[in-house]
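So the structure is just underneath, and the comments pick up after that.
The values are calculated or read from the model by the stated rules, or taken from the named source; none is laboratory data. The structure presented is a predicted model; accordingly, all values stated were derived computationally and were not measured. Reconstructed Cβ throughout: ideal geometry from the backbone, glycine too, with neighbour counts over all protein chains shown. Accessible surface areas use protein heavy atoms only, side chains included; no ligands, DNA or RNA. Shrake-Rupley method; radii C 1.70, N 1.55, O 1.52, S 1.80 Å.
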Amino acid sequence: MSYPKGDKRIADSVTEITKLIQYRDINGQNRLFGGRLMEWIDEAAGVAAMRHCGGNAVTLMVDSLKFKHGAFINDIVVLIAKVTYVGRTSMEVRVDTYVEEKETGLRRAINHAYLTCVHVDEDGRPKPIEYGIKPESITEKAEWEGAQKRISIRKQRKAEGY
Ligand SMILES: CC(C)(COP(=O)(O)OP(=O)(O)OC[C@H]1O[C@@H](n2cnc3c(N)ncnc32)[C@H](O)[C@@H]1OP(=O)(O)O)[C@@H](O)C(=O)NCCC(=O)NCCS
């Protein structure tokens, strides 16, 4: 696929959001409410996608949203989003969520998610993306290759009516 404006680096889309869990964010079990985390993930992914495509983007789908651990009141939560793959009008965005230890600054992964975001025009219709992506590190290349596999799974699921 050719992109008229060349490639951007994955680093160009990286978006980090830090939250302190407040009472309004927790559920009846004093844990971070999953819906709130999904909101933060969607926001982080949206910003990463817009940084890559240089325009507006909407979330088409979320997959592989896995809650590995809980988070609790007064925890520091860090979300890091980055574009991992670029198609014609769509982008795959990975969002990793961590709880940051206050004493050590160490980050423990609590969730990771893949979202598909679509570049849209002013009428909300899919619009071709003008920038490709240039995976540089081994991890970025592995993500890019993994994305091809995930995309074919999504296509299969779409064909099956999911
Ligand atoms: C996102 C939206 C504009 C896509 O419109 P559409 O007519 O379905 O678009 P297309 O069929 O042309 O597909 C657009 C892209 O999405 C991809 N796509 C469509 N369905 C898909 C699916 N089930 N799984 C994975 N990718 C899919 C297509 O492959 C295409 O990507 P590509 O151009 O990189 O190949 C439209 O579905 C929409 O407006 N959805 C609501 C978005 C929204 O309100 N989100 C919440 C708030 S942000």
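How much of the pair distance distribution for the chain lies past 21 Å, counting alpha-carbon pairs only, in percent? Show your work: numbers first, answer last.
Numbers: 6345 of 13041 pairs.
It works out to 49 percent of all Cα pairs.
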Rounded tilt (10° steps) of 34-53 against the dominant C-alpha axis of the chain: 30 degrees
Using +1 on the beta carbon of Lys and Arg, -1 on that of Asp and Glu, and nothing else charged, what's the dipole of the range 7-134 about the Cα centre, debye to 20? 280 debye
Around G35, what is the net charge, scoring Lys/Arg as +1 and Asp/Glu as -1 over all other residues with Cβ under 11 Å from its Cβ? -2
Would you mind checking the tilt of helix 138-159 against the longest principal axis of the Cα atoms of the chain, expressed as 0 to 90 degrees and rounded to 10? 80 degrees
Given points 7 Å out from each Cα along the Cα-Cβ axis, report the F72 to N30 separation in nanometres with one decimal. 0.6 nm
Rounded to the nearest percent, how much of the accessible area of the chain (1.4 Å probe, protein heavy atoms only) is carbon and sulfur? 50 percent
Expressed in nanometres to one decimal, the distance between label points 7 Å along Cα→Cβ at K5 and R157 is 3.0 nm
Taking r as the C-beta separation of M38 and D121 and R0 as 30 Å, the FRET efficiency to the nearest 0.05 is 0.70
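Say R0 is 35 Å: what FRET efficiency, to the nearest 0.05, do R108 and Q148 get from their beta-carbon distance? Could the numbers behind the result be given before it?
Numbers: r = 30 Å, r/R0 = 0.85.
The calculated FRET efficiency here is 0.75.
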Which of the peptides 68-79, 2-13 is most tightly packed, and how do the rest follow, judged by the mean count of other Cβ atoms within 10 Å per residue? 68-79, 2-13
